[in-house]
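To start, the structure itself, in structure tokens.
The values are calculated or read from the model by the stated rules, or taken from the named source; none is laboratory data. Note that this is a predicted model, so its numbers are computed, not measured. Note that each Cβ is placed from the backbone with ideal geometry, even for glycine, and that neighbours are counted across all protein chains shown. Each accessible area value is taken on the protein alone, full model and side chains, heavy atoms only, with ligands, DNA and RNA left out. Shrake-Rupley method; radii C 1.70, N 1.55, O 1.52, S 1.80 Å.
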Amino acid sequence: MFTLIIEDKHGAIVDEYSFEDGEFVVGRSQSCDIVLAADNVSRRHSRLYTVEGRCYIEDLSSANGAWLNGKRIHNVAELPRSAQVRIGDFFLHIEGAAFARPLGSAVFARLMPLHGSVGEVTELNRATMLVGRGKDCSIIVSDPSVSRIHSKFTRDPAGRVVLEDLRSSNGTYVNERRIDVCELQHGDRVRFGTVGFVYQVEGEEEIEPLEDAYPPAPPPSPGFRSSPPISSYGDDYNYDYEGGGGESAAPGVYPAEPGRSVLPQVAALAIIALAVTGLVVLVGLAYDRWVSPALEPMPEPDVPAAVANPQPPVADSEEAEQKEFKDLVARGREAVEMRQWDQAEGLFKKARRLDPIREEPIRALNRIATEKRAGAEFHKAEEAFARKAYEEAIQHHRRIPSSSVYRADADVALKAIAGVLEIEGENLCRQKKMEDCLERFRLALRTDFASPELEKKYLKLLKQHK
């Protein structure tokens, strides 16, 4: 539930509203939901609306603008707790339990890029922050492996931080495990596509970013000792593995045995090499002469071009998502035109999940919510009219906002009710049932569609009856 208090430039309270959801147009025109009568307020100045328990304000291209906590609003802004909005000479104070973070909140965590990563040190200081390549994201990561809207950080009132993947093409990873939703802990390794970070909670011990996602193998322990070199000098030769043989030997060097030549060993190795080469040649000739002709050649299978020359996977399905988004919006508009509100609501909700930043699904969902309430009021009014509960029918019709598609239908119905009441009133007057007659005339006048003559007649009969 939100509370809106309106003050004039002298600090006097002009009006107060309470609302939970829906949209409200603010302006100078009497057709607006919230009327601010001043020359520096445009006819349709701004719009307040709610989405999933959060409140937003949109400037409707007003001449003097709308100002949120001293800063001019460009297009749409989400209202923080204890927000103050200035429109012309009026100040709008908005309170509620489901607001976004206060402006200028403190940093609660940081993303520290891994060495060699294209990422930058990024502060987390909002209750909700989008990650992606798009310019509308709070954390922009300019890399082809990152989707336009890739992931979302959310911090709840208890301080828990949750990372959610927003159907990205190349995935969101925490400690090298692909996730849909994951609560983060200090020191977790976070990766968007191929861009990696270390999640650093503010106030905790700093963690040096790793060179890569996997730590290097540990070095050998101090007591580790490799196997001794294989010696060709026999087991009775005296040498030391740590320092070599004798006092005059250099460390790690094994001297040749005095008086013994190495030529026999070299000659033996050469003979073995020649024998192996000759054997290989003979095997090759035998294969070409007898084995190869006996083998039937295997036909090569027909391999599709796509398999034979695989193409690298597309890094991002942004084009496909945009096509699906436009299709959902177009179908949603058609459903709205046909007043199929539930179907339209489902289509625009899907479109909003594809692209949480675009305004059209948000506006459409707000309008659908308003129209569904207006439609419910219209049907209640029809039921009341069928029961001849005229006053109840009038009340339901008058609750339908002027911006609703049901407003024209409600006006037609009110004209019909006014005509019925006027006829019934005339009959009751002829029967000398003056109280019932005056009651019918009074209700007819409440519709705002009674004839001017009826008002004069009602006032005259009212004086006579008294």
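So here's what we get for this one:
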| read-out | value |
| --- | --- |
| Candidates 42, 31, 46, filtered to the one that is open to solvent by 20 Å² or more (accessible area, probe 1.4 Å) and in contact with a Leu (Cβ under 8 Å, 6 or more places away or on another chain) | 42 |
| Helices (runs of 4 or more DSSP H) within segment 311-407 that include 2 or more residues within 30 Å of residue 439 (Cα to Cα) | 359-386, 390-398 |
| Positions within segment 142-166 being within 13 Å of residue 127 (Cβ to Cβ) and open to solvent by 40 Å² or more (accessible area, probe 1.4 Å), in sequence order | 152, 154, 155, 156, 157, 158, 160, 162 |
| Residue match in segment 13-24 (condition: more than 18 Å from residue 404 (Cβ to Cβ) and crowded, with 19+ Cβ neighbours inside 10 Å) | no |
| Residue within segment 42-56 that is modelled with pLDDT of 80 or more and acidic (Asp, Glu) present | no |
| Single residue of segment 387-412 satisfying the filter (under 22 Å from residue 341 (Cα atoms) and of a type in the set (Gly, Ala, Ser)) that is surrounded by the most Cβ atoms within 10 Å (Cβ to Cβ) | 410 |
| Among the residues listed as 375, 425, the single one being open to solvent by less than 20 Å² (accessible area, probe 1.4 Å) and either under 31 Å from the mean Cα position of the chain (by Cα) or over 22 Å from residue 448 (Cβ atoms) (or both) | 375 |
| Any strands (runs of 3 or more DSSP E) falling wholly within segment 117-214 and containing at least 3 residues that are of a type in the set (Val, Ile, Thr) | 195-201 |
| Segment 12-41: number of residues that are within 23 Å of residue 367 (Cβ to Cβ), free of Cβ contacts under 8 Å to residues at least 40 places away in the same chain and not aromatic (Phe, Trp, Tyr) | 9 |
| Enumeration of residues in segment 427-466 that are closer than 22 Å to residue 414 by Cα, charged (D, E, K, R) and either in contact (Cβ under 8 Å) with a residue 60 or more places away in the chain or in a helix (DSSP H, G or I) (or both) | 436, 439, 440, 442, 446, 453, 455, 456, 457 |
| Selection within segment 177-196 - open to solvent by less than 50 Å² (accessible area, probe 1.4 Å) and either in contact with a Pro (Cβ under 6 Å, 6 or more places away or on another chain) or over 17 Å from residue 118 (Cβ atoms) (or both) | 179, 182, 184, 187, 188 |
| Total residues in segment 433-447, condition out of contact with any Asp or Glu (no Cβ under 6 Å at 6 or more places or on another chain) and open to solvent by 60 Å² or more (accessible area, probe 1.4 Å) | 6 |
